[in-house]
Amino acid sequence: MKLLFDENLSPRLVSALADEFPDSAHVDRVGLGSEPDPVIWEYAKIHGYILVSKDSDFHEKSLLFGHPPKVIWIRRGNCSVQQIELILRNKVSAIEQLNTDDTLTYLILL
């Protein structure tokens with residue numbers, strides 16, 4: 001499973017979660033840091049990523065357009081990189097199900 005972290009999440013998550021989500025990336029590291037959402041959406045779609053964001057924008061796009069890409073919406077206020085890492089680690093099985101189940105488009109994590 002490959003995750004693409006939106007700019008509202010730390011690039012450090014890529015290395016912190018490499019054991020669970022190898023080949024993941026951050027939008028800043030692939031040259032998309034200041035690009036609009038449609039460009040990021042298309043990049044994730046073409047390259048087989050699951051988009052991970054704290055904004056509702058990609059979740060809303062997934063409701064309108066379906067998948068790919070699939071979306072993980074982290075609905076948390078201000079929190080540390082370690083807290084986000086823990087949230088994702090605790091939901092690995094749900095993320096795997098999102099990745100493999102064609103009837104699922106998004107996952108909301110609280």
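I need S56, S34 ordered by Cβ neighbour count within 10 Å, fewest first. Display every interim value, and only then the final one.
Numbers: S56 13, S34 9.
Arranged by neighbour count, lowest to highest, S56, S34 become S34, S56.
For the chain, lysine pairs separated by 8 or more sequence positions, or belonging to different chains, with Cα-Cα distances below 16 Å total 9. Think of it as helices only: each DSSP H run of n ≥ 4 in the chain is worth -39500 (n - 2.57), and spread over all residues that comes to -11000 deg cm²/dmol at 222 nm. From the alpha carbon centroid of the range 35-80 to that of the range 1-17 is 12 Å. Segment V81..S10, full-extension length gain: 24.9 nm, with 0.36 nm per residue of separation and the alpha-carbon distance subtracted.
Write down the percent of antiparallel bridges among all DSSP beta bridges whose residues are both part of the chain, to the nearest 5.
On the way: 0 of 12 bridges.
Rounded to the nearest five, the antiparallel share is 0 percent.
Only one residue of S62, G33, V14 has its Cα farthest out toward the positive end of the dipole of the chain, where Lys and Arg carry +1 and Asp and Glu -1 on Cβ, and that residue is V14.
For the range 3-109, compute Rg over Rh where Rg is the Cα radius of gyration and Rh is the Kirkwood radius from the inverse mean 1/r over Cα pairs. Provide the component values of the computation, followed by the final result.
Details: Rg = 12.4 Å, Rh = 13.6 Å.
Using Cα coordinates only, the ratio equals 0.91.
A simple charge model with +1 on the Cβ of Lys and Arg, -1 on the Cβ of Asp and Glu and nothing else charged puts the dipole of the chain at about 240 debye relative to its Cα centre.
Trypsin sites (Lys or Arg not before Pro), restricted to the range 41-106: which are DSSP loop and have at most 14 other Cβ atoms within 10 Å? Can you show the working numbers first?
Working: sites: K45, K54, K61, K70, R75, R76, R89, K91; in loops: K54, K70, R75, R76, K91.
Loop-located and lightly packed - R75, R76.
Every read-out reported here was derived from the displayed coordinates using simple, explicitly stated rules and does not represent laboratory data. Computed from a predicted structure; not experimentally measured. Note that each Cβ is placed from the backbone with ideal geometry, even for glycine, and that neighbours are counted across all protein chains shown.
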